[in-house]
Amino acid sequence: MQSDSFYMQRALDLARQGRGRTSPNPMVGAVVVKDGQIVGEGFHPAAGMPHAEIYALQAAGEAAEGGTLYVTLEPCTHHGRTPPCIDRVITSKLKRVVVAAEDPNPINAGKGLRMILNAGIEVSVGCEEAAAKRLNEVFAKYITTKRPFVVMKAAMSLDGKIATSFGDSQWIVSEVTNQYLHELRGTYDAVMVGANTVFQDNPQISCKSPGGRDPVRIILDSQARTPANSKIFIRNSTDAMKSNCLIFVSSQAPEERIRALQAAGAEVVVASEDTSRSLNPRVDLEKVMVVLGKRGVTSVLMESGGVLNAAAIQAGIIDKLLLLIAPRLIGGERAPSPIGGEGITVMSEAIPLYNWQWRPMDSDMICEAYLHPQNWA
C-alpha cells in the first residue's frame, strides 16, 4: 500500500500544472484514493475556474465515499469567483482528508479543517508541508501582506559578470537555460526593469514559450527617459498592439516625456521619491510595491542591472534570488556584476542567504536562495 507521501506528491505534481495561470489564487492539486487506488484527481487550472477538490471529487463520483482526499492546501470556506469547495468535500462522505498545508489566507486559515472535523471526517495535516508551502510562497506573501513576492533574477559568468565591459550580455547562459527564462516570465504577474536596462538592451520582455502569457512590464524611470520607440511597448514581434506597460516616474519627470510615453501605450504613475537621494531622486521602491499590491500584482520578477538590484536589496523588497551561472569567464574591472552600489565595507556586514538550493540546467547551474529566514514557505 502506498504511503500518504506518495499520493500527496502526486497532488503536488498536479498543482504545478496550474503554474502561471492561477494568480491571484494559489496552485492546488487533489487526489482521491479508495482501496489503494486513485479514483479521481484534479488541479486548479486558472483563476475563476473550479478548484482542485471539485475536479477530483467529480472524477471519483460515488467511489469517493469512504475514501481519502489528498489536497495540497486546506479547502476554502469563502465565496470568491467560485463557491467554496468545503461543502463538496463534506457531502462526498469521505472517510479521511489529508491536507499538506493550512491556508495562509486569514479569512480561511484553520476554518476549513475545523468544518471537516466537525463533520466527523478524519483530518491529517502536514504531509509534504514544506513542498506545499514553497509551491505557494507567492500566494502566502501576497495574501498576508498585500505586497508582491519579488524575485531578483540574474544570469552571470562564473566570475560574477552579467555583461562585458562594453555592455554585451547576449547570451551568457545556454540556449536551454534561456528557454527556461522565457518560461519563467510566464509564471510571474510582472517583470520589472530599470531605465538603464531599456537603454542598454532594448528588451521586449515577452514570454516566447508556447502557450505562455506575457507579464505586465514595469519600468522604473524617475526622469521618464524611456524612448517611446522601445521594444518594450510591442507585445510581440508579429503583433504591433501596445503592451501592458507600467512606468513609474518621479514628480520631477518632465511632463512632455510623460505624454510621449502615454502616447506610446504606457500607463505612467508618478510615485514618491526616495528622499535620501535629493540630488538624484529615484522612485521609492517600497511605495512602488504598495501600488502594485493594490493593483493585484502578486509577483514580480526583476531583470535589472546592478544599480537597481542593489537599491532593491537595500530597500528590503527582495524575497528571493535566482542566480544562473554559466561556465565561462568574462573578466574586466569595469564589467558589471549583478549587484552594484557601494557594497559593504567589512565581511561582517555581508548579507546572509537562507534555504539555498543548487540545481544543474544544461551546462549551467541555478542557485535559488532567500533574503530572509521567513521565506513565506
Notebook entry, point to check: Restricting the count to DSSP beta bridges whose residues both fall in the chain, what percent are antiparallel, rounded to a multiple of 5?
Noted result: 40
Next item on the list: Rank these by accessible area, largest first, 1.4 Å probe: HIS78, HIS182.
Entry: HIS78, HIS182
Note to self: Test of understanding: extend the Cα→C-beta vector of THR145 to 7 Å, then name every residue of segment 306-343 with backbone N under 12 Å from that spot.
What the structure shows: 315-320
Check: Based on the Cβ-Cβ distance of GLU255 and GLU349, what FRET efficiency does E = 1/(1 + (r/R0)^6) give at R0 = 41 Å, to the nearest 0.05?
Finding: 0.50
Next item on the list: Decide, for segment 1-72, between rounded, prolate and oblate: order the square roots of the alpha carbon gyration tensor eigenvalues as a ≥ b ≥ c, take rounded if a/c falls under 1.5, and otherwise choose prolate if a/b is larger than b/c, else oblate.
Entry: oblate
Margin query: Using protein chains only and a probe of 1.4 angstrom, how many square angstrom of VAL290 are accessible, to the nearest 10?
Written below: 40
Next item on the list: Give the shape of segment 148-217 as rounded, prolate or oblate, defined through the alpha-carbon gyration tensor: a ≥ b ≥ c are the square roots of its eigenvalues, a/c under 1.5 means rounded, and otherwise the shape is prolate if a/b is larger than b/c and oblate if not.
Entry: prolate
Notebook entry, point to check: Here are several values of percent of Cα pairs over 38 Å apart: (1) 27; (2) 13; (3) 21. Which one was derived from the coordinates shown?
Noted result: (1)
Item checked: Residues of segment 307-377: accessible area per residue with a 1.4 Å probe, Å² -> 61
Notebook entry, point to check: Which residue, ALA163, ALA63, ALA130, tops the fluctuation ranking in a GNM of the chain built on C-alpha contacts under 10 Å?
Noted result: ALA130
Margin query: Can you return the lysines within cross-link range of LYS161? Criterion is Cα-Cα under 24 Å, with same-chain partners fewer than 8 residues away left out.
Written below: LYS153, LYS320
Item checked: Accessible surface, 1.4 Å probe, highest first, among residues LYS208, LYS294, LYS133 -> LYS294, LYS208, LYS133
Notebook entry, point to check: Tell me, in nm to one decimal, what length is gained between LEU329 and VAL269 on full extension, where the rule is 0.36 nm per residue of separation less the Cα-Cα distance?
Noted result: 17.6 nm
Check: Using 7 Å Cα-to-Cβ label points, what is the LYS208/GLU175 separation (nm, one decimal)?
Finding: 1.1
Item checked: Cβ-Cβ FRET estimate between ASP35 and ASN196, R0 fixed at 35 Å, reported to 0.05 -> 0.05
Check: Hey, in the GNM for the chain with a 10 angstrom Cα cutoff, which one of GLN17, GLN58, GLN37 fluctuates hardest?
Finding: GLN37
Margin query: Using a 1.4 Å probe on the protein heavy atoms only, what accessible surface does PHE149 show? Give it in Å² to the nearest 10.
Written below: 0
Item checked: With every protein chain in place, segment 296-377: carbon and sulfur % of accessible area (1.4 Å) -> 57
Check: Which of the lysines could be linked to LYS111 by a straight reach, that is with a Cα gap under 29 Å, when you skip same-chain ones fewer than 8 residues away?
Finding: LYS34, LYS93, LYS95, LYS133, LYS141, LYS146, LYS294
Next item on the list: With a Förster radius of 45 Å, plug the Cβ-Cβ distance of GLU183 and LYS93 into 1/(1 + (r/R0)^6) and report the FRET value to the nearest 0.05.
Entry: 0.65
Next item on the list: Normalising by the residue count of the chain, find the relative contact order in percent from Cα pairs under 8 Å and 6+ residues apart.
Entry: 16
Check: Roughly how many whole Å is it from the C-alpha centroid of segment 104-145 to that of segment 310-353?
Finding: 35
Next item on the list: For n ≥ 4 DSSP H runs only, could you compute -39500 (n - 2.57) per run for the chain, divide by its residues and tell me the 222 nm figure to the nearest 500?
Entry: -7500 deg cm²/dmol
Next item on the list: Compute the Cα gyration tensor for segment 140-269, then decide on rounded, prolate or oblate, letting a ≥ b ≥ c be the square roots of its eigenvalues: rounded whenever a/c is under 1.5, prolate when a/b is larger than b/c in the other cases, and oblate in all that remain.
Entry: rounded
Margin query: Which residue fluctuates most in the GNM of the chain (Cα springs below 10 Å): ARG282, ARG225, ARG114?
Written below: ARG114
Item checked: Under the Karplus curve 6.51 cos²θ - 1.76 cosθ + 1.60, θ = phi - 60°, whole-Hz ³J(HN,Hα) for segment 296-304, x wherever Gly or Pro sits -> x, 7, 8, 8, 9, 9, 8, 10, 10
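The values are calculated or read from the model by the stated rules, or taken from the named source; none is laboratory data. Bear in mind that the values here come from a model prediction, so they are computed numbers and not experimental data. Note that each Cβ is placed from the backbone with ideal geometry, even for glycine, and that neighbours are counted across all protein chains shown. The protein model used for the area step is the full one, side chains on, heavy atoms only, and it has no ligands, DNA or RNA in it. Shrake-Rupley method; radii C 1.70, N 1.55, O 1.52, S 1.80 Å.
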